[in-house]
Every structure is written in structure tokens, then in C-alpha cells.
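J.: Below are the C-alpha cells for one structure; questions will follow.
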Amino acid sequence: MTQLLLFNVFNGLIVGAFYALMALGLSLILNLSGVINFAHGGFLALGAYIAYTLIPYVGFWGGLAIAPFATAAVGIVVEWALIRRLYGRDPLYSLLLTFGLAYIFEDVLRAIWGAQSVPYPIPPELSTPLSSQFFFLTGYRLFMVGLAALVVLALFLILNRTRLGMRIRAGTADLETVSVLGINVRILRTLNFGLGIYLAGLAGVLAAGMLGLQPTIGTSLIMPSFVAIIVGGLGSLPGTLLGGLLIGLAAGITAVFFPSATEAVMYVMMGLVLLVRPRGLLGEEGRVS
Amino acid sequence: MKRVPAVAWTGLIWLVLLTMPYWMRAVGGYTELASRVLVLGLAAMSLNFLLGFTGVLSFGHAAYFGLGAYGAAMTIKYIAPSTPLGILVGVATGTLAAMVIGALIARLRGVYFAMVTIAFGQVFYFIAFRWNSVTGGDDGVTGWKRQALDLGLAKIDLLGNDKAFYYFILACFAIAVTLMWLLLRSPFGRTLLAIRENERRARFLGVPVERHIWLSFVISCCFVSLAGTLYALLNNFTDPRALRWDQSGNFVIMAVLGGMRSFWGPLIGAAIFVVLQDYVSSHTENWMSFIGLFFVLVVLFFPRGVLGILRRKGMA
Amino acid sequence: MSLLVVENATRRFGSLVAVDAVSMSVAPGELRAIIGPNGAGKTTFFNLISGFFPPTSGRILFSGTDVTRLSPERRVGMGMARTFQITEIFPELTARENLRIAVEVASGLRRSPWLRGHANAQIRERIEVLLDMGGLTPKADRLVGELPHGDQRTAEIMMALALKPRLLLLDEPTAGMGDQETHDITQLIRKLHKDQQLTIVLIEHDMRVVFHLADRITVLAEGAVLGEGTPNEIARDERVQAAYLGKAA
């Protein structure tokens, strides 16, 4: 029982890390540009498929290094060609556009790589259990958690220490002032979009090794990411991170005791948060309404 | 160009709706397609009560549509083989859920409102999908059929006679649409317009904005769940796809495509969408790409919708 | 008894104290002007009175009732109406429709799903009276967002009047107006004050308007009250002159 619980808690933590990576990217884009990127799941899947295609040539590590950047490049093209036309318009339009893109992504991925799940290779040095008692502690799982933590740390360093990051944060707080200061908001938004998509691509490469790779992998992760943002607090990146981990853990623990409610539990949490604290756990006052 | 009076347009629309089953076949359609236009048109118009006339962006209306569908299907299958009872239970279920969820979200605005409605929509999808023993899981609620309508003096066969069923839907549609039209022309309806136009001004005129948004949300969901019950009856079947997120998106694109600022726009949007989907899905496997592309094109080139464009050219 | 009493109202935004322990009391029928240099906290003070946000500390009493924590819509219901520094109207509706919404809400019909002929006739009559008072009758069926700035302002004031307020709060009614428009609005406010004995509190930058209209003046500077008195007393107050001239120079 203890082992089962531990297994599920750990599982929940990993899934929570995926949610957090994905939700952080969504949050970055939402906070700066006011766009809910419904196609985020599509980008995640694209990242995974690019890695899947590259691995036979460059190995797992090469795929891990290249695929997220390739995904971000596609993201920047999409932003530049389509999404930027809708900034400043009713958010309805960008939502519909990315919604349509999500359809296209899923269909195109299916056309290229097939609707069935494809085997996703994990390097042998990472796939053996580290301990016979805690069979679930494979190197790959530990590696995923570690890498996710590292990436999140890097993200917060970028946002707090680099010039780009500080501009993103300043733009999120007050876009008008930033543009008056002579910062090119268009380029800032494009780069920020790319950064968000990079996180999605990375989450995709990691998630495929654990959840299996099929065209709908992104769709199954995007709803929990929305929940993570709402629970954690709109406008707050630490909140989003916290929200992702919390709902992942909650889902993991629920899976032990009441398996059929695994998905439902996060929505219950969301309902409770909205009831008690509509702006979310770490949300700023006044952002919601 | 001379303006066509609104009365003429309304008359034309009713004329088309009343005669549709008699010329559908001649233009390559079939009666069920006409019924689908009506049902999804009602759903899109109901959504637009909130979206176009209150200015609140809900992206989760499929949940209430689906609750209506499940309510009707399960009532007829498990409780009593009665079409009106099924509709009643379905509408009550959807409305009740909207009252609870509406209370949680009426304080949110803009993109955040949209995001929370999307997320809440998924709750009901997962319940329908997971609760196998009751909802039939992925297979949905099957093994039931819509029942004849017993009016005391006469029985109307809704199942075998698809024209009769079309007119049954049209009757429900007419009642719902008339109610919405009357509401929008009432003092209450004008407070909703006020909220859409300028929430701050509305509040400082003494309108309790949250309560009115809640009311508008509940009314909108009530009518969308009516559309859901009719959808289940039309298919003699319902499954979790009726309440999935993509269905919500479809309702929104119908409203936008037709024109959010006009009362009848969403019906026209629904007609275009339904016919296009019917055509594309029977001709290609990659219909998702086409629908997705369609979304992109509508957003980039027709953001004001068909009626919005006509209006600008002075024709409507 | 005072219609409006503000006791030690303070509002902080983080470490910034926008309004610092301001007290003020306005008698029924009085026209009070609030003046002060930019950034003195005038609009924040207005927002506290009208319930846009609550004060960090202090109390606000309206005709003897503590309204400190009440929502704006409740305060409107009690007879408080306001306009904004940047005009807040329903731009895509006509002037008549704008007023209709206000009149209907004021008549307690906001939740009514229908309108009886009798009530409708009364509402129409009231709308026409308000349109006429503001000189908007010839433009009543044009979209209010397309009218000149001065007419938009007037429409906003008329909407506030439609609520039959006991206290009217006007935030810089003449901001951004030409001479003729300023003159017209000033005459309108004067008429409301003199003919209807309406209690008015207004924020204003144009000193000609202030000294022409006000019964009493409250001067704010850096969030606190610098002085209060009749226009004559304020004109002679050296601290006020110093604050104004100091800022201006």
C-alpha cells in the first residue's frame, strides 16, 4: 500500500511537472499577449514527433536538444504569420484561430505519423529501475523530474536576470509604458511566444517517453494546463508552477483511492479555488475582473 | 442601395424555415440535414445571447448542450418513454448545472472567463466518458428511440416521419427564439447590452453586473440545453462528443461566422457550417484540417460575419 | 445634517498613500469643488466616495448611513450618481437608448422581462425631458460614440441625472472641452444646482469654472487636505497659493 501510494505520488509529481511546463508556456503567452493558445497541445505533440523522427539519426540526447528549438521555430513562424494580426482585437478571435490550428495540428500529425501510438525509444541507461524495492524509480522518471526542475529554474532566471526576461515581465505588468520606452513590443511578443512554445516542445519530448506518443497527446494535456493556471492564479508564473504540481499530485493520490475520479479531482480543486479565492492561489488582485 | 427593413428579413427567414423540408432534396440535401441546421442554429443563437448581446465569452457551452442530450436520452431510456419528459429533464439538468457553475464564474471577465468555461466544460465530458455503468462511457447512451408525441386527440409519429419531426423541432425552435427575442427587447435585455457596451457605466447606473451576467449565462445555457435534447432526439443516441470542447468551439465559430451582433446571424452561420461539414466529411478523411482552416479563414477574413458584411454594405 | 460625510479616509496602493486621512462633509444643496495639482489624489478620493474601491481605512457616510463597504450599485440605489474623467457611455447605442437604459434601471425595471404600455409612456416622457434639458433632442437618434465630445459629456451627465440622484459626483466635467462647450456645461451644472437644489461634488481644473460655481472648495495636495473654505477664503489662502504657484512654476 505504501509502495502503491508512493508510486502514485511520484507519478503525480511527474505528470504535474508536464502540466507545469505546458502551463508555464501558456501563461507566458497569455500574460503578455492576452492570447489563450489552444494550439499549445498541438505544439507539444509536434515537439514529440520531431524528436521521434530525429532520434534514429542523432540519438535521444540529440533529439532532446534539437526538437524543442525546432518546435519553437515553427511557433515563431505561426505567431509571425497569423497570431500577431489579432493582437489588440477581441480575445475571441485569437482563441478561435488557435482552436482551428489545434484541429489542423492533430490532423496533420495523424496524416504524417499515423493515428496509432508509436514506440518511443528511451536510452537504455535511463530505463532500468534504480532499486528493486521501488521499481518505479527508473532513471528516466528521475531524469524527467530533474530536467523539468532545471528548466523551470532556468526560465525564472531568464525572466529575472536577462534583459529579454525583464522586458517580458515589464510588458506583462504595463504594456503601454514598455512601448513608450521604445521597446519593440512586436518582437518582444514574438520571442515570448517562441519561449512558451519551446517549453511545450520540451514537455512533449519528455512526455512521449512516459505517456506514449500519439497525435492526441497534446489534447490530453492542455485541459489540465488550463486548470493549473486557474488554480495557481492568473498572471502569476510561480502560481502556475504551483498549480501544475498540485493538480498532478492530487490526481496521483486520487488514482490510488478512487481511480475513476482521477481527472475529476482537478476540476473539483478548480471549483473550490474559484469559490474561496477567485483570483487563484498566488494570483494578483485585480487581474481577474 | 436601399435598406431592406428588418421585418422583411425576419419574414424571409421564417418562410425558408417553414418550407425547408420540401425543397431540401431538390438542392441535394435531406430532411435530417435541415433538422440539424435548426438544432445547431438554436444552440448558436443561444450562445450568442451571452456572447453577442451580453459581451461575455463562453467557450464551454457544449457542456450544457451535452447535459441536455444526456438528460433526454437517459430519461427516455431509463425512466419513461416520453419525448416531452425527456426534453424537460434535459433542459432542467443543463440549467441547474449552469446555475451552479455560473455562480462560480460570474466574477471573471474576458479571456479568463473563457478559460474557466473551457475547463469546466471538460468536467462533464469526463463524467460522461468515465462513468461507464450509467452513461455508457465512450459508446454513449444507445438502445432508445424518440417517442411519438401524444397530444391526447392525436398521436404524432416523430420517429418514422422525419418531416413531422422537423416541424416538431421547428416548433421548439420558434418558442425558444421568440422568448430570446422578447427578452432582448425588454428592459432586462437592455441592461445586458449596457454591460456589453460599457461594464463600468452599467455598474454606476446601478446594474448589479455580476448578477445580470449570471442570469444571462443561465438563460443562454437553458436554451442551449434545449438544443442538446433535440440533438439527442434527432440522432436517437448521444455520446461524450456532444459535450466535448470541440463542440463548444463549433458553436462559437457559427456565431462569429453568421455575425455576433445580429439576432439571426448565428443561424446562418450554423447553416453554412453544417452543410460544409456534411460535404467535407463525406469527401475526405482529413476533414479536421478543412474545418481548422475554415476557422482560420473566418477569423482572418470574416471577423464580422456574413450579416456584419451585408450590413456594412447597406443590404441588411 | 450633512448629506455626505467622509471621515479620515485613507487609501494605499502598496507603499503609495494616494489619499491620506481626508475628512470632508457636504451639506444638502451645496456645490463643492475639489481642486488640487495633478497627482493630488482627487480621482482616487472620488473613487472612494462612489465605491469604485473601498478605503484602506476610514469611513464614508451617505445621508447618515455607513456606506464604506457597499458596492457601487448599492450606492447608486441610495441616490449617488457619478460621471468619469474619461467619458463612460454606451458608444454603439444612440443617445436616446443610452438614456433609456438609465431611466429604466432608475425605475426599478432592470430585471423586468416586459414593459407595460403605461410604464413605457412614462419612461419615454422622462427620456424626452432629459434630452431636452441637455439640448440633445436633435441628435437623439445618432450613435452617442459619434457625437462631439461635449455632447458625449452632456449625455453622460444626463444619464447620471436620469437616476434622480441626491448627490451628483462630476469628475472634471469640462476636461478637454473648447470654450463654448465649457460655457454650456457650466451653465448646465449651475442650472441643476440652482433650480433643483441638487447637491453636487465636482473635481475641476478650470479655475474660472470653480470660482463661478462652487459654494465651498476643498483643496487636496499630495493626498491630504490643504485647505477648505468659500471661494473667497481659498483665493486668499497663502498655503494654497504656494502649493499651486509652486507646482506651476
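J.: Name every residue in region A:88-98 that is surrounded by 24 or more Cβ atoms within 10 Å (Cβ to Cβ) and either basic (Lys, Arg) or more than 7 Å from chain B (Cβ to nearest Cβ) (or both), in order of residue number.
T.: Across region A:88-98, the qualifying residues are A:Ser94, A:Thr98.
J.: Further question on the same structure: Which condition does B:Gly29 not pass, out of (1) at pLDDT below 90; (2) over 18 Å from B:Gly269 (Cα atoms), if it passes all the others?
T.: Against the list (1) at pLDDT below 90; (2) over 18 Å from B:Gly269 (Cα atoms), B:Gly29 comes up short only on (2).
J.: May I ask you to list the residues in region A:111-144 that are more than 20 Å from A:Gly62 (Cβ to Cβ) and modelled with pLDDT of 90 or more?
T.: Result: A:Ala111, A:Ile112.
J.: Moving on to the next point. Does B:Phe251 satisfy the condition of being crowded, with 18+ Cβ neighbours inside 10 Å and within 27 Å of B:Thr10 (Cα to Cα)?
T.: Judged against the criteria, B:Phe251 is a match.
J.: Looking only at region B:166-192, count every residue that is under 21 Å from B:Ala103 (Cα atoms) and more than 7 Å from chain C (Cβ to nearest Cβ) and tell me the total.
T.: 2
J.: Can you name the residue in region B:36-93 that is over 26 Å from B:Leu159 (Cα atoms) and of a type in the set (Val, Ile, Thr) and is also nearest to the other protein chains (Cβ to nearest Cβ) among such residues?
T.: B:Val56
J.: Quick one: what pairs do we get from region C:14-43, first residue of a type in the set (Gly, Ala, Ser), second surrounded by fewer than 14 Cβ atoms within 10 Å (Cβ to Cβ) and in a loop (DSSP other than H, G, I, E, B), C-beta under 7 Å, 6+ apart or different chains?
T.: That search, which allows pairs on different chains as well, returns C:Gly29/C:Gln197.
J.: Could you grab me the full set of residues in region C:29-43 that are at pLDDT 90 or above and either assigned to a strand (DSSP E or B) or not small (Gly, Ala, Ser) (or both)?
T.: C:Glu30, C:Leu31, C:Arg32, C:Ala33, C:Ile34, C:Ile35, C:Lys42, C:Thr43
J.: Okay, moving on. For B:Gly143, only one of the following conditions fails: (1) more than 30 Å from A:Val231 (Cβ to Cβ); (2) within 14 Å of chain A (Cβ to nearest Cβ). What is its number?
T.: (2)
J.: Hey, can you tell me all the residues within region B:101-112 that are in a helix (DSSP H, G or I) and more than 9 Å from every other protein chain (Cβ to nearest Cβ)?
T.: B:Gly102
J.: Further, regarding this structure: What single numbered condition from (1) in contact with a Ser or Thr (Cβ under 7 Å, 6 or more places away or on another chain); (2) within 25 Å of A:Phe99 (Cα to Cα) fails to hold for B:Ala242?
T.: For B:Ala242, the failing item is (1).
J.: Which residue pairs have Cβ atoms under 6 Å apart, sit 6 or more places apart or on different chains, and have a first residue in region C:187-211 that is closer than 21 Å to C:Ser2 by Cα and a second that is surrounded by 15 or more Cβ atoms within 10 Å (Cβ to Cβ) and polar (S, T, N, Q)?
T.: none
J.: What residue, of A:Leu195, A:Leu157, A:Leu188, A:Leu147, is surrounded by fewer than 20 Cβ atoms within 10 Å (Cβ to Cβ) and more than 21 Å from A:Gly62 (Cβ to Cβ)?
T.: A:Leu157
J.: To continue, here is another question. Let me spell it out: the conditions are (1) at positive phi; (2) in a loop (DSSP other than H, G, I, E, B), and A:Arg89 meets all of them except one. Which number is the exception?
T.: (1)
J.: Here is a follow-up. For the structure I just gave you, tell me whether A:Ile66 is in contact (Cβ under 8 Å) with a residue 60 or more places away in the chain and either aromatic (Phe, Trp, Tyr) or away from chain B (no Cβ under 14 Å) (or both).
T.: no
J.: Could we say that A:Gly88 is at pLDDT below 90 and small (Gly, Ala, Ser) here?
T.: yes
J.: Further, regarding this structure: Among the residues of region A:244-254, which ones are within 14 Å of another protein chain (Cβ to nearest Cβ) and surrounded by fewer than 21 Cβ atoms within 10 Å (Cβ to Cβ)?
T.: A:Thr254
J.: Which of the residues belonging to region A:79-116 are under 17 Å from A:Leu199 (Cβ atoms) and without any contact (Cβ under 8 Å) to a residue 60 or more places away in the chain?
T.: none
J.: Would region A:224-243 turn up any residue that is within 11 Å of chain B (Cβ to nearest Cβ), surrounded by fewer than 22 Cβ atoms within 10 Å (Cβ to Cβ) and not hydrophobic (A, V, I, L, M, F, W, C)?
T.: no
J.: Further question on the same structure: Please give the number of the condition A:Tyr120 fails out of (1) among the aromatic types (Phe, Trp, Tyr); (2) under 30 Å from B:Gly259 (Cα atoms); (3) part of a loop (DSSP other than H, G, I, E, B).
T.: (2) is the only condition that A:Tyr120 fails.
J.: For region C:232-247, state whether one or more residues are within 22 Å of C:Asp151 (Cα to Cα) and touching a strand residue (DSSP E or B) at 6+ places or on another chain (Cβ under 8 Å).
T.: no
J.: List every residue pair whose Cβ atoms sit under 7 Å apart, with the two residues 6 or more apart in sequence or on different chains, where the first one lies in region A:3-14 and is under 16 Å from A:Ala207 (Cβ atoms) and the second, anywhere, is β-branched (Val, Ile, Thr).
T.: Qualifying pairs under 7 Å: A:Gly12/A:Ile253; A:Leu13/A:Val145; A:Ile14/A:Val145.
J.: Looking at (1) at pLDDT 90 or above; (2) surrounded by fewer than 24 Cβ atoms within 10 Å (Cβ to Cβ), can you tell me which one A:Gly201 breaks?
T.: If we test A:Gly201 against (1) at pLDDT 90 or above; (2) surrounded by fewer than 24 Cβ atoms within 10 Å (Cβ to Cβ), just (2) comes out false.
J.: Surrounded by 24 or more Cβ atoms within 10 Å (Cβ to Cβ), within 22 Å of A:Met223 (Cα to Cα) and either more than 12 Å from chain A (Cβ to nearest Cβ) or in contact with a helix residue (DSSP H, G or I) (Cβ under 9 Å, 6 or more places away or on another chain) (or both): which single residue out of B:Leu267, B:Leu226, B:Leu257, B:Leu243 fits that description?
T.: Unique residue meeting the criteria: B:Leu243.
J.: Let me ask something else about it. Is it fair to say C:Val22 is assigned to a strand (DSSP E or B) and either at pLDDT below 90 or within 14 Å of chain B (Cβ to nearest Cβ) (or both)?
T.: no
J.: Can I ask one more? Can we say A:Leu101 is at pLDDT 90 or above, over 27 Å from A:Gly165 (Cα atoms) and within 10 Å of another protein chain (Cβ to nearest Cβ)?
T.: The answer is yes for A:Leu101.
J.: Within region C:119-169, track down each residue that is free of Cβ contacts under 8 Å to residues at least 40 places away in the same chain and of a type in the set (Val, Ile, Thr).
T.: Of everything in region C:119-169, those that are free of Cβ contacts under 8 Å to residues at least 40 places away in the same chain and of a type in the set (Val, Ile, Thr) turn out to be C:Ile123, C:Ile127, C:Val129, C:Thr137, C:Thr154.
J.: Please pick out the residue among C:Gly64, C:Gly39, C:Gly51, C:Gly77 that is surrounded by fewer than 16 Cβ atoms within 10 Å (Cβ to Cβ) and under 20 Å from C:Asp171 (Cα atoms).
T.: C:Gly39
J.: Still on this model: Being in a helix (DSSP H, G or I) and buried (at least 17 other Cβ atoms within 10 Å of the Cβ) is the filter here; which residues of region A:257-289 pass it?
T.: A:Ala261, A:Ala264, A:Val265, A:Met266, A:Tyr267, A:Met269, A:Met270, A:Gly271, A:Val273, A:Leu274
J.: What single numbered condition from (1) assigned to a helix (DSSP H, G or I); (2) touching a residue at least 24 places away in the same chain (Cβ under 8 Å); (3) more than 18 Å from A:Leu191 (Cβ to Cβ) fails to hold for A:Ile36?
T.: (1)
The values are calculated or read from the model by the stated rules, or taken from the named source; none is laboratory data. Treat the numbers as computed from the prediction; the structure is a model and nothing was measured. Counting neighbours? That spans all protein chains shown, and the Cβs are built from the backbone with ideal geometry, glycine included.
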